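The structure appears below as structure tokens.
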Amino acid sequence: MVAIMPCAWSYREIGLALEREIASDSIYADWLRFFVGDSYGERGARMKVEFDEMAAAAGAAHRRRLLGSFHTAVRLKHALWDAADRCCQWRDVTARAGAGASAAVPSPGPPMAERLISPEELEARIDDEHVRVVDVRWSLEDRDVGRAAYRAGHIRGAVYLSWLDDLSNPDDSVDGQLAPGPRFADAMQRAGIGDETLVVAYDDNIIFLAARLCWALEVYGHDHARWLDGGLPAWVAAGRSLTREQPPPRSATFTVHPRRGLRRTKEDVLAALDFGEPPLFDCRMDETWRAVGEHIPGARRFAAPALLDAAGRLRSSEEIRRLAAAAGIPRDRPSILYCGGGVSASAAHVALRGAGFDQTSVYDGSWAEWSADPGTPRARHDR
């Protein structure tokens with residue numbers, strides 16, 4: 001296997017490393033070629049089943065070799081994606097720039113001021129036909145509580161989207177995994193969200209589903225999304241009213257443009273453990289952290305609720321940068337955030353991206369997937 005530091009590697013160096021790895025053993029050529037390409041869809045699912053069967057049937061030494069090739073391929077895949085984003089040469093970006101034109105430098109993402117919206121700002125824009133307010137309140141104890149709360153009273157013009165029913169993949173064995181592109185696009189269109197719609201998401205400011213929706217929209221290439229600062233409690237505290245009236249349906253077309261490297265898988269995390277990069281950060285609430293008593297080996301603490309101040313508002317970019325620096329989150333290379341089910345990690349991701357950390361990503365399955373696999377390594381907390 002080869003250790004790869006994607007930030008320091010040029011396209012040529014990555015290409016040569018890939019050629020060496022493939023040439024070293026033709027048995028794994030298909031795996032490598034596949035995993036540096038598109039690892040989603042039915043073909044990916046079939047190949048993953050095939051891989052699991054091969055690994056289960058192999059002897060211990062052969063299985064280690066097979067896993068090593070698999071992890072190397074995943075690592076190379078992300079190295080290529082990261083390099084493409086930096087060098088502005090990813091084919092989708094180039095295609096948008098037009099034949100013969102130079103592609104624009106990919107943005108690190110909007111600053112904090114363009115990721116949040118205050119109750120006052122929302123009030124001023126709430127009747128804009130290009131704005132869609134989305135209520136994503138959720139309870140871990142009862143999946144129907146959020147929808148019932150919406151019916152009892154919500155922000156004017158808001159529609160309701162359920163984390164599990166609308167935004168997740170019902171065919172995944174782990175609840176809450178991000179919905180595939182077509183399913184996600186269908187949910188957005190049913191909610192009246194199109195390519196030019198500004199989405200304003202809010203929750204109860206406890207379960208950060210608004211940030212989760214903003215992250216999901218970012219994964220699928222939609223940058224017009226804002227998180228209501230302070231959630232519904234801030235809206236009510238500001239003297240704004242609620243309604244039970246549901247908005248009329250809107251016709252909309254939502255186009256999926258998947259972005260690489262924002263959503264990480266279990267295989268990505270296993271590869272990170274093998275190679276020591278990217279670093280991992282555990283964003284679970286303190287109560288959950290203490291109750292479980294375990295974490296992914298090497299992960300450092302970065303509790304997402306600490307990003308809110310005493311009033312329940314997101315801290316300033318300067319404060320978030322100080323907290324991130326204390327946790328050891330790098331600004332100049334990729335990092336992986338995880339939590340219990342990908343929600344708190346999404347909140348940390350949105351906050352960090354807004355504060356200038358433009359290489360964060362979210363392990364979607366998080367501890368829910370990791371702990372369900374008896375073969376994944378775990379470490380006990382020191383405290």
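Every number here is computed from the coordinates shown, using simple stated rules; none is lab data. Just so you know, these numbers come straight off a predicted model, no measurement behind them. Don't worry about glycine lacking a Cβ; one is built from the backbone with ideal geometry, like all the others, and counts go over all protein chains shown.
Values computed for the structure shown
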| read-out | value |
| --- | --- |
| Inter-label distance, nm, simple model (7 Å from Cα along the C-beta direction), Ala310/Glu121 | 2.5 |
| Sites Arg190 and Leu242, calculated FRET efficiency, Cβ-Cβ separation with R0 22 Å, nearest 0.05 | 0.45 |
| Positive-end extreme of charge dipole, the stretch 254-383 - chosen from Leu323, Pro377, Leu262 (charges on Cβ) | Leu323 |
| Stretchable slack from Arg290 to Thr255, in nm (0.36 nm times residue separation minus alpha-carbon distance) | 8.5 nm |
